[in-house]
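Read through the structure below, which is laid out as structure tokens, and then see the notes.
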Amino acid sequence: MTALFFFPGLLLGAWHFGSLHWLAGRLTGSGQAPWGRLLALQLLRFALLAGACYGAARVGPLALVALGLGVLAARPLVIHLTKTRRPPP
């Protein structure tokens, strides 16, 4: 049962790090950044991650570890995908 938390962690991690990449691009890009929406997205990222961790911890410590491993496994995948889509200098 607790191993089933790995796949939601993978999806959550992919969304978490993908939205971080998008958010960083908006903050460092040229032009006026919509600070209110960017702050709301940042808070949403943290709230979803904290809520998922809380829910997994309520199931048990192994579920929390499986969720965390899923989130951590998504990070290199997102980094690889965002590097390949970046235009050459």
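Coordinate-derived values only; no laboratory data. All of these numbers come straight from a predicted model, not from anything done at the bench. Note: ideal-geometry Cβ built from the backbone for every residue, glycine included; neighbour counts use all protein chains shown.
Within the range 1-20, the set of residues being outside any helix (DSSP H, G or I) and either small (Gly, Ala, Ser) or within 14 Å of Ala50 (Cα to Cα) (or both) is empty.
Scanning the range 32-88 for residues that are of a type in the set (S, T, N, Q), within 16 Å of Ala14 (Cβ to Cβ) and exposed (fewer than 14 other Cβ atoms within 10 Å of the Cβ) returns a single hit, Thr84.
Scanning the range 1-51 for residues that are polar (S, T, N, Q) and touching a Pro at 6+ places or on another chain (Cβ under 9 Å) returns a single hit, Thr2. Considered as a group, the residues in the range 1-15 that are out of contact with any helix residue (DSSP H, G or I) (no Cβ under 6 Å at 6 or more places or on another chain) and either without any contact (Cβ under 8 Å) to a residue 60 or more places away in the chain or closer than 19 Å to Thr82 by Cα (or both) include one that is surrounded by the most Cβ atoms within 10 Å (Cβ to Cβ), and that residue is Trp15.
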